[in-house]
Structure formats: C-alpha cells, structure tokens
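Trainee: Below is one structure. I have some questions about it.
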Amino acid sequence: MSEDWEAEARADWESLSGAARDTLICLCKHGPTHDGNVPSKQGRDELLRRDMAAKIVLKNNEQGYQAATYSGSRAFRFGYMEPRKNVVRRLLGPLADWVKP
C-alpha cells in the first residue's frame, strides 16, 4: 500500500461521521444496498456528497440503490479491513506469514 494512498484513505475515514462509517461498511460488505436498507440516511447523504458512494441502477432498471465508489472502498479498506488483518497477524504470531496480505 503506497503512503499517499494510505494518507488519503486515513483522512477520508477519520473525517467520516459514525453514521457515514456504518453506511460505508454496509455498502462495502453487502454490495449495492437499497435506500430502505442503508443503516443511516444521513450517513448515505454524507457519502454521496463526498463522492464515496454513488446512486446506481441495477439490471432490469431497478432504481434506488447505492454502492461504494473507489474512494469509499479505499477508506473502508483502511479504516475497517486493515485493523482486522493486523489483529489476525498478532494472534497468529509466526504463522502470520501464511496469511495473505
């Protein structure tokens, strides 16, 4: 992971409200999410304003869905996934070399 990418992702993640973080986690873990199923409408709106999520149309013209953008995915990876990988590496100790980065 390049330092520039990490710095930008850290700034994005740390500046998000809790509602936006919960919503971003939902979008990244569960894929496109319908408006009625996002954890927070305010969080969704914050992500849309910051171009970390986008409104999308699914096949057969199904509307009303949101998905994470690349910048949202990078913030999710930094703020949610990386800390969990580090915990696994610490727990495994010498076996951590077997865990793919």
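The values are calculated or read from the model by the stated rules, or taken from the named source; none is laboratory data. Computed from a predicted model, the values in this text were never measured in an experiment. Positions of Cβ are generated from backbone atoms using ideal geometry, with glycine treated the same way; all protein chains shown enter the neighbour counts.
Trainee: Looking at the range 10-24, I want the residues that are free of Cβ contacts under 8 Å to residues at least 60 places away in the same chain and of a type in the set (D, E, K, R) and have a partner that is part of a helix (DSSP H, G or I) and buried (at least 18 other Cβ atoms within 10 Å of the Cβ) with Cβ atoms under 9 Å, at least 6 apart or on another chain. Which pairs are those?
Mentor: R21/W13; R21/G43; R21/A75; R21/F76; R21/G79; D22/G43
Trainee: Quick one: count up the residues across the range 35-87 that are among the aliphatic types (A, V, I, L, M), surrounded by 15 or more Cβ atoms within 10 Å (Cβ to Cβ) and assigned to a helix (DSSP H, G or I). Spell out the reasoning first.
Mentor: Taking the range 35-87 as the starting set, the residues that turn out to be among the aliphatic types (A, V, I, L, M) are 38, 47-48, 52-54, 56-58, 67-68, 75, 81, 87.
Now narrow it down to the ones that are surrounded by 15 or more Cβ atoms within 10 Å (Cβ to Cβ): 38, 47-48, 52-54, 67-68, 75.
Next cut, assigned to a helix (DSSP H, G or I) only: 47-48, 75.
The qualifying residues number 3.
Trainee: Can you tell me which residues in the range 1-32 are in contact with a Pro (Cβ under 9 Å, 6 or more places away or on another chain) and closer than 14 Å to T69 by Cβ?
Mentor: Scanning the range 1-32 gives a single hit, T23.
Trainee: Give the range 8-34 a look and list any residue that's surrounded by 13 or more Cβ atoms within 10 Å (Cβ to Cβ) and either touching a Cys at 6+ places or on another chain (Cβ under 8 Å) or among the polar types (S, T, N, Q) (or both), or say none. Walk me through how you get there before you give the answer.
Mentor: Of all residues in the range 8-34, those surrounded by 13 or more Cβ atoms within 10 Å (Cβ to Cβ) come to 8-10, 12-13, 16-17, 19-28, 32-33.
Result: S17, T23, T33.
Trainee: Checking the conditions here, which among S17, S40, S73 is at pLDDT below 95 and on the phi < 0 side of the Ramachandran plot?
Mentor: S73
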